[in-house]
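One structure is given below, encoded as structure tokens.
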């Protein structure tokens with residue numbers, strides 16, 4: 001066989017090889033997207049917005065789960081960036097620094113999710129899958145909200161349904177590859193609710209509140225999208241406010257670098273000092289993304305239980321220069 005014919009045969013085989021690889025990759029891509037997320041379809045859920053549920057939802061949304069902190073606009077001219085009145089739930093906040101993509105908080109007023117069924121809202125909150133089957137990046141803390149007690153979840157939905165409608169078309173988030181594929185494997189199959197929490201057990205209830213408040217998300221550093229378990233609640237996560245960097249605090253009970261020396265009164269006063277207080281911040285001065293003015297509205301019992309739980313987690317010696 002001549003070298004020319006041999007060369008043509010080789011190129012032909014090479015072409016078939018790459019065609020085969022392309023078919024496998026395309027087939028794999030289609031299969032992956034048909035398979036994930038594995039979350040079950042939303043089911044119909046009847047939620048009666050009783051006065052008790054609306055009041056509980058108001059408390060949770062505005063002072064514990066802090067939903068409106070992300071789904072509204074914040075005033076960075078005031079310490080801790082409180083929600084700007086009149087923007088509650090309208091969405092549009094942009095998040096991109098240090099993240100694998102560009103993310104926008106959704107409009108959760110009736111103008112944004114008014115046509116969603118209760119089951120679709122519930123599925124998005126607890127499994128991170130939207131009405132259109134789009135997977136949410138866990139910047140929306142659905143892995144934590146998945147732990148919500150059913151009655152608390154119903155209360156949150158009852159309250160959000162009653163927000164003032166605000167027309168605001170929010171740009172869709174975009175996720176960088178390969179995280180755009182990985183994120184589809186994160187949502188759980190379904191919401192498996194706990195029916196109730198033992199509020200009489202201070203540590204257990206404190207753990208529940210710390211979980212649904214998403215404290216770990218800010219107070220545990222991440223690397224390549226994974227929490228650094230050896231720095232659990234030890235602070236050091238970087239945030240940027242108007243170009244100025246600030247780092248989350250160590251809230252483990254370490255004596256030297258955490259809250260080990262804090263008494264319960266110290267902890268309580270740290271939050272309550274910001275209740276109904278407006279502190280103006282000039283450009284370039286220290287500010288923080290920690291929504292002190294939001295969490296200051298938590299009742300004394302709940303703050304005490306959070307303290308009790310934090311005192312039980314392993315201390316981590318990790319000094320943070322805020």
Note on region 84-109: residues free of Cβ contacts under 8 Å to residues at least 60 places away in the same chain and within 20 Å of residue 239 (Cβ to Cβ) are 84, 93, 94, 95, 96, 99
| query | For residue 83, are the conditions met, namely being touching a helix residue (DSSP H, G or I) at 6+ places or on another chain (Cβ under 7 Å) and more than 29 Å from residue 241 (Cβ to Cβ)? | reply | no
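Yes or no, residue by residue, for (1) exposed (fewer than 13 other Cβ atoms within 10 Å of the Cβ); (2) under 25 Å from residue 290 (Cα atoms):
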position	(1), (2)
176	yes, no
181	no, no
188	no, no
195	yes, no
222	no, yes
227	no, yes
230	yes, yes
242	yes, yes
258	no, yes
Here the residues within region 152-179 that are free of Cβ contacts under 8 Å to residues at least 60 places away in the same chain and closer than 18 Å to residue 196 by Cβ are 153
Query raised in the report: Out of curiosity, is residue 199 in a loop (DSSP other than H, G, I, E, B), surrounded by fewer than 22 Cβ atoms within 10 Å (Cβ to Cβ) and modelled with pLDDT of 95 or more?
Result: no
The residue from 187, 138, 165 that alone is at pLDDT 95 or above and not in a helix (DSSP H, G or I) is 165
**Prompt:** Taking the stated definitions as given, is residue 206 exposed (fewer than 14 other Cβ atoms within 10 Å of the Cβ), closer than 23 Å to residue 53 by Cα and over 16 Å from the mean Cα position of the chain (by Cα)?
**Reply:** no
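The values are calculated or read from the model by the stated rules, or taken from the named source; none is laboratory data. All of these numbers come straight from a predicted model, not from anything done at the bench. Backbone-built Cβ (ideal geometry, glycine too); neighbour counts: all protein chains shown.
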